[in-house]
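The structure appears below as structure tokens.
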Amino acid sequence: MASSKASRLGEEYLERTRMDKVNAELVVLTYGTIVVQLCKDFDSDYVEVNKQLDKMGYNIGLRLIEDYLAKSNTVRRCSNFRETAEMIAKVGFKIFLNITPTITNWTSDGKQFSLVFDENPFADFVELPDDGRAQDELWYSNILCGVLRGALEMVQMQVEAHFVSDVLRGNDTTEMRISLIRYIDDELPPEDD
Amino acid sequence: MVVYSFYIFDRHTECIYSKTWLPSFSSADPSPPAGGGGGTTLRASTADDAKLIFGTVFSLRNMVRKLGGDNDAFVSYRTAHYKLHFYETASSLRLVMLTDTATLSMRNVLHQIYINLWVEYVVKNPLSPVEHKGGAGVRNEMFEMGLDQFVRGLM
């Protein structure tokens, strides 16, 4: 039930707003340029590139969440992490990338799930460099992990997100694993002396 | 309807924006309100007011949730002289507006301020900082003008 509600919200948004669209090739090229520049700056130290992409995503996420809240017209918090996953996949990704990743592989405690990306607008036309390392070390779309981490932190959820497979590396699917670490408490006003 | 003042508090409980729309005491005004020693006694310290207001709304919000469940929301309270309206986003941004007592719910107005002014002019400004320590990045021209126009349009 929650799932159909979430997809309806995503669809509704797209109908309600004649949203400005940006050319897909522009997105692919812009994002690609960032990754290439990072690879150059860090001498193809792909572990560091992953880290930088995640950090950039984090800073985007901190802001993007406000836009998400404004656009999605959600008035209340998700009551559990499963609902959060639905909203991420069916509203968040729908609004910003017009894709709906599949939610699977829940752990029994409901704190970890996977997003499987059937399509990934960032990765069109992309082939990883043939230097024998990129295929094993670079997570090309790692910025998305950071975005989720930043966005969820703003709504009081500390999460960890990382890719576990990527079709660019020759895997069958592109899968991101997301784990809830904890809910963050409200900050209290400083005590008066 | 009269709007007296407006405050924004961030998730770190800091007051990052405040504005008052008190009746004008400018020299152009032919009839300043009678009584008192002019406008000087009106406000001792805006910073203290903001702290008191935050303490109040924060406690009320917690109390409301305790009694009414997590989905309940503190909306407003009214005294003999004013009405305080409260709106909190999921990202823990708190908007507070003080109006006269006859004003109906301003929840929608505060929501509009959030989506049309805050998100558009503060959050989406790539050069404004993410955290608004001391109000940094909030006092930009677009936001202030937009807010003033919007609120004056209501009155």
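Quick notes
- Of the numbered criteria (1) closer than 30 Å to B:A102 by Cβ; (2) more than 14 Å from every other protein chain (Cβ to nearest Cβ); (3) not β-branched (V, I, T), the one B:R139 fails is (1).
- Residue in the stretch A:132-147 that is free of Cβ contacts under 8 Å to residues at least 24 places away in the same chain, charged (D, E, K, R) and not in a helix (DSSP H, G or I) present: no
- Residues that are crowded, with 19+ Cβ neighbours inside 10 Å, within 12 Å of another protein chain (Cβ to nearest Cβ) and either β-branched (V, I, T) or within 12 Å of the chain's Cα centre (by Cα) (or both), drawn from the stretch A:147-193: A:G150, A:A151, A:L152, A:V155
- Helices (runs of 4 or more DSSP H) wholly inside the stretch A:30-122 containing at least 2 residues that are within 14 Å of chain B (Cβ to nearest Cβ) and over 23 Å from A:K5 (Cα atoms): A:46-72
- Condition check for B:Y121 on (1) in contact with a helix residue (DSSP H, G or I) (Cβ under 8 Å, 6 or more places away or on another chain); (2) within 27 Å of A:S79 (Cβ to Cβ); (3) within 14 Å of chain A (Cβ to nearest Cβ): one failure, at (2).
- Where A:L144 falls short, out of the listed (1) within 14 Å of chain B (Cβ to nearest Cβ); (2) surrounded by 14 or more Cβ atoms within 10 Å (Cβ to Cβ); (3) not acidic (D, E): (1)
- Yes/no for A:K21 being without any contact (Cβ under 8 Å) to a residue 12 or more places away in the chain and closer than 28 Å to B:P126 by Cβ: yes
- Scope the stretch B:60-83; condition away from chain A (no Cβ under 14 Å) and either more than 20 Å from the chain's Cα centre (by Cα) or loosely packed, with under 15 Cβ neighbours inside 10 Å (or both); matching residues: B:L67, B:Y77, B:R78, B:T79, B:A80, B:H81
- Taking residues in the stretch B:90-102 that are away from chain A (no Cβ under 14 Å), and partners anywhere that are surrounded by fewer than 21 Cβ atoms within 10 Å (Cβ to Cβ) and charged (D, E, K, R), the pairs with Cβ atoms closer than 9 Å and at least 6 places apart or on different chains are B:M97/B:K83; B:L98/B:K83; B:T99/B:K83; B:D100/B:K83; B:T101/B:R78; B:T101/B:K83; B:A102/B:K83.
Rule-based calculations on the coordinates, nothing more; no lab input. Keep in mind the model is a prediction, meaning the values are calculated, not measured. Heads up, the Cβs are rebuilt from the backbone with ideal geometry, glycines too, and the neighbour counts pull from every protein chain shown.
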